[in-house]
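Since the structure comes first, as structure tokens, the remarks are kept for the end.
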Amino acid sequence: MSSELLAFVALAVTGTATLLWFRAMQRVAIPHDRSRFVAAWVGGALLGALALWSGDGALTAIPAGLALFMGTMFTMLFAISRQVAAPDVISVGDRLPTFVALDEHGNRVDQTALAGHPTLIKFFRGHW
């Protein structure tokens, strides 16, 4: 396999994994088992490094460098993340659990302040 083709395959692997990750994040549907994403990022980074090592020229260096950067960056972000995938603890229609949070102005809000008022609460989780 030529180094140019290897570089574009590496970029396709890391790019596809990254696009699917952000799509899942937008839908708040990050899977509990994220090993496929990590495997794709590591594999793409390794393929990018191999393409950089075996080839020369911009046609190899640019896609291989991007694949190496993306694969390494997302793997490291995942590795240093302290977030864990917890099972869903609340569903639509469930009673609101006890909580205390800060609003957009820095004021404390708890569930008792929301009693009797229709309220939409969105919890965002951006798992790396």
Out of Ala29, Ala79, Ala45, I need the residue that is among the small types (Gly, Ala, Ser), under 17 Å from the mean Cα position of the chain (by Cα) and assigned to a loop (DSSP other than H, G, I, E, B). Which one? Ala29
Which ones in the stretch 44-74 are over 12 Å from Glu4 (Cβ atoms) and surrounded by fewer than 17 Cβ atoms within 10 Å (Cβ to Cβ)? Leu46, Trp53, Phe69, Met73
Taking the stretch 23-63 as the region of interest, how many residues are closer than 17 Å to Ala79 by Cβ and of a type in the set (Asp, Glu)? 1
Which numbered condition in (1) outside any helix (DSSP H, G or I); (2) aliphatic (A, V, I, L, M); (3) more than 28 Å from Lys122 (Cβ to Cβ) is the only one that Leu59 fails? (1)
Quick one: what pairs do we get from the stretch 46-72, first residue modelled with pLDDT of 95 or more and among the aromatic types (Phe, Trp, Tyr), second crowded, with 24+ Cβ neighbours inside 10 Å and not in a helix (DSSP H, G or I), C-beta under 6 Å, 6+ apart or different chains? none
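The values are calculated or read from the model by the stated rules, or taken from the named source; none is laboratory data. For clarity, every value in this text was computed on a predicted model and none was experimentally measured. Heads up, the Cβs are rebuilt from the backbone with ideal geometry, glycines too, and the neighbour counts pull from every protein chain shown.
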